[in-house]
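Structure record follows, encoded as structure tokens.
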Amino acid sequence: MTIRVGIIGCGGIANEHMNGYQACEDVKVTACADLNLERAKQFAKKYGIPKVFGDYRKVLEQKQINAVSVCTPNYAHAEPAIAALNHGIHVLCEKPIAMNAGEAAKMLKAARTGKALLTIGHHMRFIPCSQFLKNMINEGDLGSIYYGRSQALRRRGVPGWGQFHIKEKSGGGPLIDIGVHALDLILWLMGSPEPATVSGNVYTKFGNRPDFFSRWGDYKREDYDVEDFACGYVKFTNGAALSLEACWAAHLPEMDAFPQLILGDKGGALIAPHAPEPVRISTTRGETLMNIIPADFPDVRPHTEEVKHWVACLRGEKEVLVKPEESLNVQRVIDAIYTSSESGHEVIINQPLSAPSANKPGKKNATAGSRK
Ligand SMILES: NC(=O)c1ccc[n+]([C@@H]2O[C@H](COP(=O)([O-])OP(=O)(O)OC[C@H]3O[C@@H](n4cnc5c(N)ncnc54)[C@H](O)[C@@H]3O)[C@@H](O)[C@H]2O)c1
């Protein structure tokens, strides 16, 4: 069966989606839309897409469209995704799922109402080293996982295109932009535990300064109203814990680093997808301390793998790897870090079901809240 797809938002990441669809047999991208009609027309010309619109709703009105890729800025994820899902059109939406958990929950509801698939573009799960480590964890090689340390760090990397630096359009800074990738990856590797409590801080120290220079393009300093560094600490209902740092600008030793550390009672793993040694496993054999370093991984483009997997899901051959419920949980943690930073208190998402045995249950700083 031919799958017919529409593209909503024809900017940078939409090209990755197109590469993926073009790598699939029997898939036709039949329509695209962008608020910037000229950009949509250029995109359509580049990829030979027959129908071009300035309004995404026209894409949804096209007969026989099975699915859309939502590739708009963060503020414009929920509306077209919900409209498509309500029409029964399946949605691959770019990350983050939405501006906040309230919007994300409405997207999940629309998917249920429209009996349509919803998944989020977390391509890092499709990097071969991520898949390799996930398989090792599933096979029990790391044992019971109790701690994660997640970092998405750029020393001078405020995006100079789009509206990533404007809170009203993006929902936040590096936490929601690149921290979301790191969080999604590490929570998936940790077995998608339920977040219980979250505390965090965000800082704006560089991005709005006239003397600041970014290596990722230029933008208007006076528009910059998001954080440039965020940190958080999450406790899960299963007793596990996670620390997180996300940064676009700071006096860091590295230019660009994405290391995710996972500790289990049989082994630990450091995964840094773009590093020369993307996975390092630490374990023991008897009293010998062992490091295991895979020698090679297939050289594939993860965005393309993500779209190929999506098409297999549309054909009913696979289940979506990135479940919308998982993305909602990721968004809850992000919201809670912002809320905790604003309020100065820990945020309770769920009550912990078990406490780590070495810790005595303590008094909670009860301040619940989430951004609507
Ligand atoms: N998965 C990844 O690796 C990755 C990488 C980059 C960006 N992204 C995500 O993709 C999204 C888009 O980022 P980008 O870098 O492509 O941005 P971009 O600015 O290059 O493109 C976004 C496009 O959407 C259009 N647009 C805005 N509102 C619209 C609407 N209501 N209807 C139709 N078109 C609309 C804009 O005119 C623009 O052309 C963001 O959410 C971002 O977080 C993901």
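Given 0.36 nm per residue, what is the gain on full extension from Leu252 to Thr284 after removing their alpha carbon distance, in nm?
Additional length available on full extension: 8.3 nm.
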What size of dipole, in debye to the nearest 20, comes out for the range 288-339 about its Cα centre when the only charges are +1 on Lys and Arg C-beta atoms and -1 on Asp and Glu C-beta atoms? 100 debye
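Using helices alone, what [θ] at 222 nm do you get for the chain, with -39,500 (n - 2.57) per DSSP H run of 4 or more residues, divided over all residues and rounded to the nearest 500?
On the way: 10 runs with 109 residues, N = 372.
Dividing the helical sum by the residues of the chain leaves -9000 deg cm²/dmol.
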Distance between Cα centroids, the range 6-36 to the range 125-189: provide it in whole Å. 24 Å
Of all DSSP beta bridges in the chain, antiparallel share, percent nearest 5: 60 percent
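Tell me whether the range 38-132 comes out rounded, prolate or oblate; compute the Cα gyration tensor, take square roots of the eigenvalues as a ≥ b ≥ c, and use a/c under 1.5 as the rounded threshold. Walk me through the numbers on the way to the answer.
Values: a/c = 1.68, a/b = 1.18, b/c = 1.42.
Oblate is the answer for the range 38-132, as a/c is 1.5 or above yet b/c matches or exceeds a/b.
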Hey, can you rank 338-344, 204-210, 76-82 by average C-beta count inside 10 Å, highest first? 76-82, 338-344, 204-210
Could you list the GluC sites (Glu not before Pro) in the range 192-301 that lie in coil according to DSSP, counting only those with at most 13 other Cβ atoms within 10 Å of their Cβ? Glu254, Glu287
How far is helix 302-314 tilted, in degrees, relative to the longest principal axis of the Cα atoms in the chain, given as a value from 0 to 90 rounded to the nearest 10? 70 degrees
Relative to the first principal axis of the alpha-carbon coordinates of the chain, what is the inclination of helix 128-138, with its axis defined by its Cα atoms, in degrees from 0 to 90 and to the nearest 10? 50 degrees
What is the helix-to-structure angle for 324-343, meaning the angle in degrees between its Cα long axis and the longest Cα principal axis of the chain, kept from 0 to 90 and rounded to the nearest 10? 60 degrees
Whole number please: convex hull volume per residue of the Cα set in the chain, in Å³? 148 Å³
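If each residue of separation counts as 0.36 nm, what is the full-extension length gain between Lys45 and Lys106 once their alpha-carbon separation is subtracted?
18.5 nm
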Stretchable slack from Thr2 to His274, in nm (0.36 nm times residue separation minus alpha-carbon distance): 94.4 nm
Largest first and in whole Å, what are the equivalent-ellipsoid semi-axes of the range 60-204 based on the Cα gyration tensor, each being the root of 5 times an eigenvalue? 28, 22, 14
In order over the range 160-177: 3J(HN,Hα) from phi, Karplus 6.51/-1.76/1.60, θ = phi - 60°, whole Hz, x for each Gly or Pro, gives x, 10, x, 10, 5, 9, 10, 4, 4, 9, 10, x, x, x, x, 4, 7, 8
In debye, nearest 20, what is the charge dipole magnitude of the chain about its Cα centre with +1 on Lys and Arg Cβ and -1 on Asp and Glu Cβ, if you could check? 700 debye
If you consider only alpha-carbon coordinates, what radius of gyration and Dmax does the range 131-211 have, in Å? 16.3, 51
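Let me know the volume per residue of the alpha-carbon convex hull for the range 83-136, in Å³. It would help to have the intermediate numbers written out before the result.
Details: hull volume 5.0 nm³, N = 54.
It comes to 93 Å³ per residue, whole-number rounded.
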Classify the range 251-341 from the C-alpha gyration tensor, please: rounded if a/c falls under 1.5, else prolate or oblate depending on whether a/b exceeds b/c. oblate
How far is it, in nm, from the label point at Lys318 to the one at Phe213 when both lie 7 Å from their Cα along the line to the Cβ? 4.3 nm
Which order do the peptides 25-37, 293-305 come out in when sorted by mean C-beta neighbours inside 10 angstrom, highest first? 25-37, 293-305
Explain nothing, just compute: Karplus ³J(HN,Hα) = 6.51 cos²θ - 1.76 cosθ + 1.60, θ = phi - 60°, for every residue of the range 187-199 in order, whole Hz, x for Gly and Pro. 5, 4, 5, 7, x, 6, x, 7, x, 9, 9, 9, 10
HN-Hα couplings for the range 143-152 via Karplus (6.51, -1.76, 1.60; θ = phi - 60°), in whole Hz with x for Gly/Pro, come out as x, 7, 8, 10, 8, x, 10, 10, 10, 9
Net dipole in debye of the range 148-245 [+1 Lys, Arg Cβ; -1 Asp, Glu Cβ; about Cα centre; nearest 20]: 280 debye
Stokes-Einstein D for the range 191-275 (4 °C, 1.567 mPa s, Kirkwood Rh from Cα pairs), in µm²/s, comes to 84 µm²/s
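Let me know the shape class of the range 1-64, please: from the alpha-carbon gyration tensor, a ≥ b ≥ c as square roots of the eigenvalues, rounded when a/c is under 1.5, otherwise prolate if a/b is greater than b/c, or oblate. Before the final figure, lay out each step's value.
Details: a/c = 2.01, a/b = 1.24, b/c = 1.62.
Note, shape of the range 1-64 comes out oblate.
Each reported figure results from applying straightforward, stated rules to the coordinates on display, with no laboratory input. Keep in mind that what you see is a predicted model, and the values were worked out from it rather than measured. Counting neighbours? That spans all protein chains shown, and the Cβs are built from the backbone with ideal geometry, glycine included.
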